Amino acid sequence: MATFPTKRLRRLRYNPLIRDMVRETTLSRNDFIYPLFVVPGSKVKKEVGSMPGVFQMSIDIVVEECKEVADLGIPAVILFGIPEHKDELGSEAYDPNGIIQRALRAIKKEVKNLLVITDVCLCEYTSHGHCGILDGENILNDKTIDLLAKEALTHVQAGADMVAPSDMMDGRVAAIRKTLDDYGYETIPIMSYAVKYASGYYGPFREAAESAPAFGDRRSHQMDVANALEALREAETDIEEGADIIMVKPAGAYLDIIRRVKDKFQMPTAAYQVSGEYSLIKAGGKLGWIDEERVMMESLTAIKRAGADMILTYFAKDVVKLLDKNKG
Ligand code: PBG
Ligand code: ZN
């Protein structure tokens, strides 16, 4: 006699209601942080060639965009600045009247119900496109973190609700924490790009942020793609230095790292679905080779399933609109 299985996992898959009931991971609008690129000028809204649907925007347009993001119920944006002038020391990064500082004041004046996070790094501001101060071809760690602390402070003074150092210098979280505390900003959280790999997936971002290094690459500070134990050491160090939220970046190719960091430290964990991840899905969709909407949802669900509490993604507006639509 044939033996039939008594255990039938398909029983819970036969219709959408039951599938909804047993679903383990759900995306919510609260999960998302939307990246924005701020450029000088006014009325500027220029699409990034390699990132369809992503724009460089002047401050006036960014303010409008932030209103739309807040109206969609997305809790946070992260700002990247493209300065008027770049120089060796990345001066506009920590200029109280720099592009991000002005954008912050404008957004904070006009937009309610939105957390404004700022990316803290020098590569958008330096003429050589590196993330710190150079001595020949070497990035000087300790000089750089002094400037990063200054950059973070000017962001907070201009209204930033949270700062996110993305440079991968050693000791920068401690330096930023100390400076913020010294100036009375002990309540402002730090979301550190704790585990940031030297990744090929950042390609389109460097067009969006005009921050490609003039020579060499970022392997002297960003992590080797092959390393996982080192990722745990990076996260641990940033937590010891006072990071409130730790980030893994990129996301899709590093789901194992997200899971390990989450399990080990049980900290609020962010993952950055970076420019290249976005562009690949967009390109595949455009070519008709994949279903863009479906792969977008799948990629984000996977990142959340891996343990991310929040996701930085260029899809934030699209996904929230889709969640609204599907609710009927
Ligand atoms: C700046 C920074 C980068 C990204 C976020 N902050 C670029 C880099 O390290 O080269 C990448 C984000 C993306 O690709 O979407 N240090
Ligand atoms: Zn950088």
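Points 7 angstrom from Cα along the Cβ direction at E64 and V295: gap in nanometres?
Output for this residue pair reads 3.1 nm.
Using Cα atoms only, what is the angle between the long axis of helix 172-182 and the major principal axis of the chain, expressed in degrees (0 to 90) to the nearest 10?
70
Taking amide H positions as placed in the peptide plane 1.01 Å from N, state which residues far from G129 in sequence (5 or more) or on other chains have amide H under 5 Å from it.
For G129, whose amide H was placed from the backbone, the distant partners under 5 Å are A214.
Given H placed on each backbone N at 1.01 Å, which residues far from E84 in sequence or on other chains put an amide H within less than 5 Å of it?
Hits under the 5 Å cutoff: I99.
Return the Rg/Rh ratio of region 193-328 with Cα-based radii and a Kirkwood Rh.
Ratio of gyration radius to Kirkwood radius for region 193-328: 0.99.
Between Q266 and L12, what is 0.36 nm times their sequence separation minus the Cα-Cα distance? Round to one decimal in nm.
Contour length minus the Cα-Cα distance gives 88.4 nm.
So if we plug the beta-carbon distance of E240 and D135 into 1/(1 + (r/R0)^6) with R0 = 35 Å, what FRET efficiency do we get, rounded to 0.05?
Calculated transfer efficiency: 0.80.
Hey, what angle do you get for helix 229-240 against the long axis of the chain, alpha-carbon based, 0 to 90 degrees rounded to 10?
60
Using the number of other C-beta atoms within 10 angstrom as an exposure proxy, rank E240, E124 with the fewest first.
Result, fewest neighbours first: E240, E124.
In the structure shown, do any of K86/K282; K46/K108; K46/K327 have a Cα-Cα gap over 26 Å, and if so which?
Exceeds cut-off: K86/K282; K46/K327.
Starting with the fewest neighbours, write out S127, S192 ranked by other beta-carbon atoms found within 10 Å of each beta-carbon.
Starting with the residue having the fewest Cβ neighbours, the order is S127, S192.
What fraction of the DSSP beta bridges in the chain is antiparallel, stated in percent and rounded to the nearest 5?
15
Relative to the compact-globule scaling 2.2 N^0.38 Å, provide the ratio for the alpha-carbon radius of gyration of region 26-327.
0.93
How large is ³J(HN,Hα), in whole Hz, for each residue of region 88-95 in order, when computed from phi with the Karplus curve 6.51 cos²θ - 1.76 cosθ + 1.60 and θ = phi - 60°, using x for Gly and Pro?
Working through the residues one at a time gives 4, 9, x, 4, 5, 4, 10, 7 Hz.
May I ask you to derive the relative contact order of the chain, considering only C-alpha pairs under 8 Å and at least 6 residues apart, and to give it as an integer percent?
Computed over the chain, the figure is 17 percent.
For the chain, find the longest principal axis of its Cα atoms and tell me its angle to the long axis of helix 275-287, 0 to 90°, nearest 10.
The angle comes out near 50 degrees.
Please give the length that would be gained between R19 and S42 if that part of the chain were fully extended, namely 0.36 nm times their separation in residues minus their C-alpha to C-alpha distance (nm, one decimal).
So the chain would gain 3.4 nm between R19 and S42.
So which chymotrypsin sites (Phe, Trp or Tyr not before Pro) in region 228-312 pass both tests, a DSSP loop state and at most 10 other Cβ atoms within 10 Å of the Cβ?
W289
Only counting other Cβ atoms within 10 Å, I'd like K262, K178, K317 sorted with the fewest neighbours first.
K178, K317, K262
Read the figures in this text as sums done on the coordinates, not as results from a lab. Predicted, not measured: the structure shown is a model, and the values here were computed from it. No Cβ is skipped: glycine too gets one built from the backbone with ideal geometry, and neighbour counts run over all protein chains shown.
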